[in-house]
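A short reminder: the numbers here are calculations on the coordinates, not readings from a lab. Source: prediction; values computed, not measured. Here the Cβ is made from the backbone with ideal geometry for all residues, glycine too, and neighbour counts use every protein chain on show.
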Amino acid sequence: MDTKQRILDEALTLFSEKGYANVFVGEIADRVGIKAPSLYKHFKSKQAIFDAIIEEMHRRFLEQAKLLNIQGNNPKADAEIYKRLSEEELVGLGINLFLYQLHDDYTRRTRKMLTIEQFHHKDLADTYMRQYMDDPMFYFMSLLNQAVDQGVLQTDNVEVMTLQFYAPFYLLMTVCDRDPEREPESIRILKEHILQFNKLYGRTV
């Protein structure tokens, strides 16, 4: 791991443990084993470190999406993949994405940081909302709207359908964050949710 990545990793650990506002650049440098001026050669500010952490989280997610044979950030392309997936494949995809969010250490620590800091820092609250509400809702609404247009799903209210699809993923993720022992139960519920969603909206392949 190069120095730049070590800075991000140590900063994320500190942010998730102590909160963004309570961590200073010098403390991050100490954890990396460098002097603060050396850190500034890589990042001009603590905000720049935070922004790079979020960017790295997105990069890692897109790598995982690629391994699962989807784009992850292109709803039009993923809608074409979605309409060809069998029900079993769709359930597997949903569960694998859920497990990635729970168990990827970088993603988990970032979510912990944002969850804590959303109540103390407006910019981080805005980031939390984009990460866990606005961006997923936009992505899934775009994808599902195309599925409706193509006759794969049937509804007259795509916005509500999108909320019904995404909300259980978010809810069960927060449940598992607080009580990891409920993960098997959450996976079972998630599978049943996807199957029921398909039945409710008449999914055809």
Legend entry - Ranked packing of 72-81, 176-185, most packed first, by mean Cβ within 10 Å: 72-81, 176-185
Inset, instruction - Would you mind checking the pairs 4/112; 4/35; 18/41 and listing those with alpha carbons more than 19 angstrom apart? - result: 4/112; 18/41
Legend entry - Where N is the number of residues in the range 21-120, Cα Rg divided by 2.2 N^0.38 Å: 1.42
Legend entry - Simple label model, 7 Å out from Cα along Cβ direction - residue 131 to residue 4, nm: 2.1 nm
Inset, instruction - With a/c under 1.5 counting as rounded, go ahead and sort the range 45-94 into rounded, prolate or oblate using the C-alpha gyration tensor (a ≥ b ≥ c being the square roots of the eigenvalues; past the cut-off, prolate if a/b is larger than b/c, else oblate). - result: prolate
Inset, instruction - Treating only the Cβ atoms of Lys and Arg (+1) and Asp and Glu (-1) as charged, compute the dipole magnitude of the chain about its Cα centre; round to the nearest 20 debye. - result: 440 debye
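Per Stokes-Einstein, at 10 °C and 1.306 mPa s, what whole-number D in µm² s⁻¹ belongs to the range 108-205, with the Kirkwood radius over Cα pairs as the hydrodynamic radius? Mind showing how you got there, number by number?
Details: Rh = 14.9 Å.
Result for D is 106 µm²/s.
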Legend entry - Furthest towards positive pole of dipole, 153, 7, 39, structure part the chain, Cβ charges: 39
Inset, instruction - Give me the number: length gained by fully extending residue 119 to residue 181, i.e. 0.36 nm times residue separation minus the C-alpha to C-alpha distance, one decimal in nm. - result: 19.7 nm
Inset, instruction - Would you mind computing the Rg to Rh ratio of the chain from its alpha-carbon coordinates, Kirkwood style for Rh? - result: 1.03
Inset, instruction - About the Cα centre of the range 2-121, how large is the charge dipole given +1 on each Lys and Arg Cβ and -1 on each Asp and Glu Cβ? Please answer in debye to the nearest 20. - result: 420 debye
